[in-house]
Structure formats: C-alpha cells, structure tokens
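Worksheet for the structure shown next.
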Amino acid sequence: MGAVQVVDRGSLEIVVFLTGDIDESMQSELDAALEEVSVHEPPRVVVDTHEATSLGPGGIGFLNALRARGQAEGYFVDLAAIGPAVRPALERAGWIHPVLLD
C-alpha cells in the first residue's frame, strides 16, 4: 500500500511525498493530492520519491497530470530524492535521463 502526502513549505514550494507502492489503487488519493497542490498556488512543486517502492502507471499518470496542471497554472514541477526502486519507471516515462544520474 502506498501513500501520498502534500506538505506546504510556505511561499517557496510544495513538497509531495510518495511512499510505498504508487499504483492505480491510489487514484482517489492521487487526485486529491493534485487538487490540494492547486489550492496552495505554489511557485514550485517538488516530488520526493525516496520512500516509494514502486511507481506504476497510476503514479506516472499523477506526475504527468501534475506537470500539465503546473504548466497551465504557472508552477514548476521537479523531482527530488529519487528512490532507486522507481528510477527505472521514471526513466521509461521520460522524467529523468539515465545519463544524468549515473
């Protein structure tokens, strides 16, 4: 089972922590996190995956939706603390380039 937590760090950024297995079974939690981020109107959103054990299509869909919403609403989305278990999924989805982190 996975978890998603949105933490408001004031006017600087929002951090979204993804932990455990992030998959389609979490769709309602991921949708709620997407809405919560938008309510805060951040200049920057950082997604921390260091405690994620897997990132399925639902997790990648969340990241893509977050990036699309950021482009539409004027905030930047970035990854931080990329967990080794999710790195391959992020690479396949084009979120990170394998050469940059070797």
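The values are calculated or read from the model by the stated rules, or taken from the named source; none is laboratory data. These numbers come from a predicted model, not from an experiment. Glycine also receives a Cβ, built like all others from the backbone with ideal geometry; neighbour counts cover every protein chain displayed. Surface areas here come from the heavy atoms of the whole protein model, side chains and all, with no ligands, DNA or RNA. Shrake-Rupley method; radii C 1.70, N 1.55, O 1.52, S 1.80 Å.
Taking Cα atoms only, the orientation of helix 57-73 departs from the longest principal axis of the chain by about 30 degrees. The angle separating the long axis of helix 27-40 from the principal Cα axis of greatest extent in the chain is about 40 degrees. Distant-in-sequence amide contacts of THR53, defined by a placed amide H-H separation under 5 Å and a gap of 5 or more residues or a different chain, comprise GLY20, ASP21, ILE22.
Applying the criteria of a DSSP loop state and at most 14 other Cβ atoms within 10 Å to the trypsin sites (Lys or Arg not before Pro) of the chain yields ARG9. In segment 1-66, taking the dipole from charged Cβ atoms about the Cα centre, the farthest positive-side position among ALA32, GLY61, ILE14 is held by ILE14. Using only side-chain charges placed at the Cβ, +1 for Lys and Arg and -1 for Asp and Glu, the dipole size of the chain relative to its Cα centre rounds to 300 debye. Helical content alone sets the calculated 222 nm signal of the chain at -12000 deg cm²/dmol, taking -39,500 (n - 2.57) per DSSP H segment of four or more residues and averaging over every residue. Simple spin-label estimate for ARG92 and GLN5 gives 2.8 nm between the two label positions (7 Å along the Cα-to-Cβ direction from each Cα). The orientation-averaged projection of the convex hull spanning the C-alpha atoms of segment 1-98 amounts to 5.4 square nanometres.
Relative to the current alpha-carbon distance between ASP23 and THR53, full extension at 0.36 nm per residue lengthens the span by 9.7 nm.
Given a 1.4 Å probe, how much area per residue of the chain is accessible, in Å²?
Counting only protein heavy atoms, the per-residue value for the chain is 53 Å².
How much of the accessible area of the chain, probe 1.4 Å, is carbon plus sulfur, in whole percent?
Carbon-and-sulfur percentage of accessible area, whole number: 55.
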